[in-house]
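Asks: Below you will find the structure I want to go over with you.
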Amino acid sequence: MPKTAYELQQQRRLLLDRIAQHGEILIGSISTKGPKRPGFNLTFKLDGVTRSRHIRKENLEKVRQMTQRYKALKRLIQQLSDLNWLILTRQSE
């Protein structure tokens, strides 16, 4: 774990570069329509209400990649927040 504010800021720059690479995202999860209805939906919350959008068969793999990218982005943002807190506390010492 880096100790100095400078090392932490360098680590933050690297993390921001990684975050910038996650532009194509979709928020939500892939769900099936049910046993009698073949197909998949992208399910997500909007203003507290669950919404679903039909996923075309030819787009299913792309949607999977985009939802996985969103999950990775969330983890990176959490790391950035933790790092920003460390930088903030180092600067006030």
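The values are calculated or read from the model by the stated rules, or taken from the named source; none is laboratory data. Please read these numbers as outputs of a predicted model, since none were measured by experiment. Here the Cβ is made from the backbone with ideal geometry for all residues, glycine too, and neighbour counts use every protein chain on show. The accessibility values were calculated without ligands, DNA or RNA, using every heavy atom of the protein model including side chains. Shrake-Rupley method; radii C 1.70, N 1.55, O 1.52, S 1.80 Å.
Asks: Just the residues that are among the aliphatic types (A, V, I, L, M) and open to solvent by 70 Å² or more (accessible area, probe 1.4 Å), please, taken from segment 6-27.
Replies: Keep residues of segment 6-27 that are among the aliphatic types (A, V, I, L, M), which gives 8, 14-16, 19-20, 25-27.
Leu14, Leu16, Ala20, Ile27 - these are the residues of segment 6-27 that are among the aliphatic types (A, V, I, L, M) and open to solvent by 70 Å² or more (accessible area, probe 1.4 Å).
Asks: Any idea which of (1) open to solvent by less than 90 Å² (accessible area, probe 1.4 Å); (2) β-branched (Val, Ile, Thr); (3) touching a strand residue (DSSP E or B) at 6+ places or on another chain (Cβ under 9 Å) is the one Thr32 doesn't satisfy?
Replies: Checking Thr32 against (1) open to solvent by less than 90 Å² (accessible area, probe 1.4 Å); (2) β-branched (Val, Ile, Thr); (3) touching a strand residue (DSSP E or B) at 6+ places or on another chain (Cβ under 9 Å), the one that fails is (1).
Okay, residues lined up against (1) without any contact (Cβ under 8 Å) to a residue 40 or more places away in the chain; (2) touching a Cys at 6+ places or on another chain (Cβ under 9 Å); (3) not in a helix (DSSP H, G or I):
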| residue | (1), (2), (3) |
| --- | --- |
| Gln10 | yes, no, no |
| Leu14 | yes, no, no |
| Ser31 | yes, no, yes |
| Lys45 | yes, no, yes |
| Leu60 | yes, no, no |
| Thr67 | no, no, no |
| Leu76 | no, no, no |
| Leu80 | no, no, no |
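Asks: Now for a separate question. Restrict the check to segment 47-62 and report whether at least one residue is of a type in the set (S, T, N, Q), open to solvent by less than 50 Å² (accessible area, probe 1.4 Å), touching a Ser or Thr at 6+ places or on another chain (Cβ under 9 Å) and over 25 Å from Trp85 (Cα atoms). Outline the logic, then answer.
Replies: Of segment 47-62, the ones of a type in the set (S, T, N, Q) are 50, 52, 59.
The next check asks that each one be open to solvent by less than 50 Å² (accessible area, probe 1.4 Å); those that pass are none.
No, segment 47-62 contains no residue that is of a type in the set (S, T, N, Q), open to solvent by less than 50 Å² (accessible area, probe 1.4 Å), touching a Ser or Thr at 6+ places or on another chain (Cβ under 9 Å) and over 25 Å from Trp85 (Cα atoms).
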